[in-house]
Amino acid sequence: MIVKEEFLSRLRKIFDLNLYEVKVWTALLSRGTSTAGELSSISDVPRSRTYDILESLEKKGFIVMKLGKPIKFIALKPEEVVERVKKNLLINAKEKSKRLERLKGDEVLNELTGLFSDGIKYIESTDLSGALKGRQNIYNHLDMLIREAQSTITLVTTVDGLSRKLEILLPSLEKAKKRGVTIRIAAPISKENIHIANDFSKVAEVRNVEDLRARFMIIDSEQLMFMLLNDNEVHQAYDIGIWLNTQFFAQALENLFEVAWKNFKSVK
């Protein structure tokens with residue numbers, strides 16, 4: 001059996017398998033049912049590892065062990081494998097989420113927090129800065145900054161950025177408003193996204209910017225997060241954000257924004 005390396009590489013990424021697992025799995029798919037010894041020969045996987053690999057594939061829902069001797073393994077339809085993998089991912093995600101939720105108030109989290117608090121004493125505030133790669137990492141950091149905001153949040157984004165941020169950031173923005181945080185959002189508003197702007201207007205003052213093309217957020221006039229690239233021209237995996245904890249720069253940028261804010265049109 002000859003399977004191209006490129007195809008095996010795609011399977012590894014899609015199904016989160018290692019190289020031996022995809023080799024044994026594709027070998028079994030090509031036979032329908034087979035023994036571990038036969039699969040070892042076909043897939044060029046060491047026989048000493050084949051049983052472990054087959055056991056792993058069985059637990060993940062890719063194959064079924066057939067009763068009888070010699071022990072054989074049966075390949076499942078790829079469509080069925082996809083469904084099983086999806087269900088297992090959801091179950092595992094829920095279990096991990098519950099474990100993490102139980103950490104709140106746990107001594108493990110208290111010890112970790114203690115380590116962080118002790119370490120942070122030796123760091124200058126200006127050292128708390130860095131680069132984040134990938135849009136999901138950027139949004140996770142934006143969400144953290146919003147949750148920590150005490151007085152003001154200023155957000156400037158694009159047409160597409162406004163749509164993406166609704167689902168991701170709105171819950172934290174709602175909580176920030178309840179804390180008394182003043183929230184301002186500026187973005188290009190059109191007929192296509194006016195309903196999104198209206199949703200945001202429930203927690204923030206939203207204004208329309210027609211000519212300004214920028215992506216940044218200022219928190220409490222102290223922390224700044226700005227994106228370097230045009231979101232229409234870069235894949236989300238390669239988006240880059242810069243986070244700075246600098247009161248001097250953040251206040252300067254917010255003062256400049258204040259002048260422009262007066263000329264932006266309110267969304268009604």
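Where a number appears in this text, it was derived from the coordinates with a stated rule and is not lab data. These figures come from a predicted structure and were not determined experimentally. Every residue, glycine among them, receives a Cβ derived from its backbone with ideal geometry; neighbour counts consider all protein chains shown.
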Exercise for review: Could you work out how far the C-alpha centroid of the range 142-212 sits from that of the range 56-94, in angstrom?
Suggested key: 44
Review point. Just how many % of Cα pairs in the range 201-268 lie over 18 Å apart, if you round to the nearest whole percent?
Key: 50
Check your understanding: Using r as the Cβ-Cβ distance of Arg179 and Leu19, and R0 as 45 Å, what FRET efficiency do you calculate, to the nearest 0.05?
Key -> 0.35
Study note, to complete from the structure: With label points set 7 Å from each Cα along the Cα-to-Cβ direction at Ser151 and Arg12, the distance between them in nm comes to 5.2
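Could you grab the relative contact order for the chain? Cα pairs under 8 Å, six or more apart, rounded to a whole percent.
So the answer I get is 15 percent.
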Check your understanding: Just the projected area, averaged over all directions, of the convex hull on the alpha carbon atoms of the range 5-90: how many nm²?
Key -> 5.3
Review point. Ranking Tyr51, Tyr20 by Cβ neighbours within 10 Å, fewest first, what do you get?
Key: Tyr51, Tyr20
Review point. Dimensions of the chain along principal axes (Cα, Å, largest first)?
Key: 79, 49, 29
**Study point:** Net charge of neighbours whose Cβ lies under 15 Å from the Cβ of Ala250, counting Lys and Arg as +1 and Asp and Glu as -1
**Key:** -4
Revision key, fill the gap. Looking only at aspartates and glutamates whose Cα falls under 20 Å of Lys262's and that sit 8 or more positions away or on another chain, we get Glu205, Glu210, Asp211, Asp220, Glu254
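Please tell me which of these pairs span more than 27 angstrom C-alpha to C-alpha: Lys69/Lys96; Lys104/Lys177; Lys23/Lys60; Lys13/Lys96; Lys4/Lys87; Lys59/Lys104?
With Cα atoms farther than 27 Å apart: Lys69/Lys96; Lys4/Lys87; Lys59/Lys104.
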Exercise for review: Please find, in a Gaussian network model of the chain (springs between Cα atoms separated by less than 10 Å), the residue of Asn92, Asn110, Asn255 whose mean-square fluctuation is greatest.
Suggested key: Asn92
Practice item. Name the longest site-free stretch of the chain, where the excluded sites are GluC sites (Glu not before Pro) in a DSSP loop with no more than 16 other beta-carbon atoms within 10 Å. Key: 1-123
Check your understanding: Which order do His235, His141 fall in if you start with the one that has the fewest other Cβ atoms within 10 Å?
Key -> His235, His141
Exercise for review: Give me the angle, in degrees from 0 to 90, between the Cα long axis of helix 135-148 and the longest principal axis of the Cα atoms of the chain, rounded to the nearest 10.
Suggested key: 50
Exercise for review: Could you check which residue among Phe62, Phe249, Phe200 shows the biggest mean-square fluctuation in a GNM of the chain with a 10 Å Cα cutoff?
Suggested key: Phe62
Revision key, fill the gap. In degrees rounded to 10, the 0-90 angle between helix 78-102 Cα long axis and the longest Cα principal axis of the chain is 50
Point to revise | Calculated from backbone phi, Karplus (6.51, -1.76, 1.60) coupling profile of the range 12-25 in Hz, x at Gly/Pro | key: 4, 6, 5, 9, 6, 10, 8, 4, 5, 5, 5, 5, 5, 4
Review point. Relative to the first principal axis of the alpha-carbon coordinates of the chain, what is the inclination of helix 247-261, with its axis defined by its Cα atoms, in degrees from 0 to 90 and to the nearest 10?
Key: 70
Study note, to complete from the structure: For the range 126-266, shape from the Cα gyration tensor axes a ≥ b ≥ c, cut at a/c of 1.5 then a/b versus b/c, turns out rounded
